[in-house]
Amino acid sequence: MKFSLFFQNDTIAFLPELFLAISILVVLMHGSFLGLSAAALYTYLTPSMIRLTSIILFISAFLVINNPIESQTLWNSIFITDHLSIWLKLFVVLGLLACVSVSEAYMFSVRLRAFEFFFFIISICLSLCLLISSYDLLSIYLNMEFMSLIFYVLAAWKKNSYFSAEAGLKYFILGSVASVFFLFGASLIYFSMGTTNLGSLGLLTENLAGCSPLFYLGLICLISALLFKLGSAPYHMWIADVYEGAPTIVSLIFASVPKLAIFAVVLRLVYTSFWCLFPVFWEDFFCLCGLFSLFIGCVCGLGETKIKRLLAFSSVGHVGFLCLGLASGSVEGIQSVLFYLLIYMLTAIFLWIYVLHLDLTSDNSFLTFSDVIGLVRSNPVFGLGIALMIFSLAGVPPLGGFFAKLNIFVSVIDSSYYLVAIFAVLTSVVSAFYYIRLIKIFYFEKAENWFYFAPLTKGAAFFVVTIGWTVIFFMLSPNLFYLLIYKIAIGLMI
Amino acid sequence: MVDPIIFIFLMILGAGLGVKVISTQNPVYSGLYLVLLFFLGSAISFLLGVEFMALLFLLVYAGAIAVLVLFVVMMLDVKAVESVWSSGQKRGFYISSFLFFLCLVFVGSSYDLLFLLQSGSAWIIHVLASFNLVYSEDNLKTTINVLFDGDLADFFLLCLYNDIINDSFLNNASWFVNFDSSSALNDPSYLLYSTHAILLIIAGVVLLIAMVGAISLTLQKNCPDSLHKQLGRESKNAIFMVKNKSSTNPLNLHNFKATSYK
């Protein structure tokens, strides 16, 4: 008997999200009922949870790739499926798979026993997948709140640490205010346009003679809230404290995956729905934010001695580069932004795995430069890999990060922003100082005591090697990434 | 829309309640006055014709935010300084409340007094609304229609007037027009369950993670450190190096020892 449901295509296109939603219930039940009997009250669930979560993420990666639905809007135009959403979802799932696989040793040594951590990781995957496919201001807000709520809880996970409580509280209060601004901006846009659907907004603003000032105010509030979540200046104040205070595995998740999803939202807003405003509003706004972020990233990073805060400020600088790529307004701009996002995600996972590895054997509650000394003597290949990764972050050829920055500069100069490009180069040079200072400390500092570093676990070693090969030997076969990024960018523009 | 006199009356009531919230010495009383204030806000929303917003006021404000106030009062140890009434005041309060309830029972059980009460209250509202002491039928109808919005005006007219029954469903041929119209209450629900159904489902998942997050952050399960290390021991971490912090010589290679956990 053949029949079709009302939302049949939509359900098929949302199979990964459906699978993730059912699996969070399964994980919750599994964890709750396994530790129920009195003899099993302190069951150590983390290894079994890690394997279960890895399997779930692996299967959902396959579900994401094998999406049989053509590019169309789903669920009454609230969600959309196109190339951008499919490939960014794949990157998000693979990034979270990396985060889960490296977490076992850290969670054992820091005594993070609760199994709900993995429930939250799968929920992060679900919320980011939903956010990437969002096509309506309502669904963007709901999924952004979904993601942010999980991150607030994760940032405050360590119960006996003041840093963690501070990080969670700061992130919660500031992030909630940002979401409020998003909602206010969305309501103003609805007030002036009459619809919240991104496609309809694009059609309505196509030949705009003049907009009401409330519309501009709404747009500013909207995009400011999204830039807040990314951590670009002038909304960067929370990043350093939250990355510092949260448990290192949570900072690894913060630094790697949410930027993909929020940048997908920003790309859809800028290039699909409010494209006509580009010469009026977007290019100035993103140029200003990009330049300010680069400046903050390079100046504040110079004075930092704590590793996690250093990486936080460097991420502010990278978001500045991404904003500049957005400001250029061409297809090359989108391609450079997506490519930079991919390379940045890989590099961030690598470096935060390294910080996680340091945190296993550190004495203090925060990591400073003194913890970094001596890695090269105990694990020289890993030290070489980290040094090359830091060179990639600074933009030294022929590593992957250089090509990312090259693409951004090409698109910026292509749009004739010469002064902006010169400023970006200068801040890039200044920020290279604190990257190379790290390498100097690795190789040339001597200390009185011998230091001990634990060997890398199997999951961490697998991902470190894979990412290292991808980024360091990038120039041998760049076509795979470039062709993929071109396909995604053109899919967005159509 | 709402007549200014009614609005001013409600605002004075609201201001009085607000002053009571902050002037009372007992924190629980001030929370209760806050709930009354929320009821007032809900009533104003009803008057404006946005019934969905009015019910949301009750659900969100009185249901969630008042409970938040309750939790804060529970956490903070605020001393309530109460002024005790004297016995004369107590006697007066009991007698006056007894008389009031006696009047209520008396009036409620007699039809003539009920009718008198109804026409008296209708006259008061009419006087306040139209500044007109003369009391005529369609005068009252027009004032009520002016005061309140469509459905709510019909509700009041139905309460106060029996001859509205002439327009009822038995005698009126086009009753389905009155029956099947959408109002501010069922319009959002039509949309929420059909067009935006997926958002409702996602909102449910958000509620789930909020609950799990609150529980996992606050529920204390104290597992001793030794038990944790025993339970998590596998073959690959059974033997590990321990850093000895109490060493004074610079090359303290021999201070490292390989231990297996006892």
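Some points to look at:
- Positive-end residue of A:Thr361, A:Gly401, A:Ser378, charge dipole of segment A:280-493 with Cβ unit charges: A:Ser378
- Fraction of C-alpha pairs exceeding 25 angstrom in segment B:1-121: 51 percent, rounded to a whole number.
- Take the Kirkwood radius over Cα pairs of segment A:64-105, plug it into Stokes-Einstein at 25 °C and 0.890 mPa s, and you get 208 µm²/s for translational diffusion.
- Given chain A, longest segment not containing exposed loop GluC sites (Glu not before Pro) (DSSP; at most 16 other Cβ within 10 Å): A:207-444
- Segment B:1-91: trypsin sites (Lys or Arg not before Pro) falling in loop per DSSP and having at most 14 other Cβ within 10 Å: B:Lys79
- In order along segment B:34-51, phi translates into HN-Hα couplings of 5, 5, 4, 5, 5, 4, 4, x, 5, 5, 5, 5, 4, 5, 6, x, 9, 5 Hz, rounded to whole numbers, per the Karplus curve 6.51 cos²θ - 1.76 cosθ + 1.60 with θ = phi - 60° and x for Gly and Pro.
- Counted residue by residue at 0.36 nm each, then reduced by the alpha carbon distance between them, the extension gain from B:Ala203 to B:Cys103 reaches 31.0 nm.
- Loop-located chymotrypsin sites (Phe, Trp or Tyr not before Pro) in segment A:1-95, at most 16 other Cβ atoms within 10 Å (DSSP): A:Phe3, A:Phe6, A:Phe7, A:Tyr42
- Note: segment A:280-493, Cα convex hull, 122 Å³ per residue.
- If you wrap the Cα atoms of the protein assembly as shown in a convex hull and average its projected area over all directions, you get 46.9 nm².
- Among B:Ser109, A:Asn9, A:Met107 - extreme Cα towards positive end, dipole of the protein assembly as shown, charges at beta-carbon: A:Met107
- Within chain A: Cβ-based charge dipole about Cα centre, in debye rounded to nearest 20 (Lys, Arg +1; Asp, Glu -1): 840 debye
- Simple point charges give the picture: +1 on the Cβ of Lys and Arg, -1 on the Cβ of Asp and Glu, and for segment A:280-493 a dipole about the Cα centre of about 380 debye.
- Neighbours of A:Phe172 by Cβ distance under 14 Å: Lys/Arg scored +1, Asp/Glu scored -1, total -1.
- Once exposed loop trypsin sites (Lys or Arg not before Pro) are cut out (DSSP; at most 15 other Cβ, 10 Å), longest piece of chain A: A:160-445
- Loop-resident chymotrypsin sites (Phe, Trp or Tyr not before Pro) (DSSP state other than H, G, I, E or B) in segment B:27-85 with no more than 16 further Cβ atoms inside 10 Å of their Cβ: B:Trp85.
- Lys/Arg +1, Asp/Glu -1 at C-beta; the protein assembly as shown dipole; positive extreme among B:Gly31, A:Leu456, B:Ser182: A:Leu456
- Close amide H partners of A:Thr368, meaning residues 5 or more places away or on another chain with modelled amide H under 5 Å apart, are A:Ile307.
- Relative contact order of chain A, taken over Cα pairs closer than 8 Å and 6 or more residues apart, is 15 percent.
Every number in this text was worked out from the coordinates using simple rules, so none of it is lab data. Bear in mind the structure is a predicted one, so any value in this text is a computation, not a measurement. Don't worry about glycine lacking a Cβ; one is built from the backbone with ideal geometry, like all the others, and counts go over all protein chains shown.
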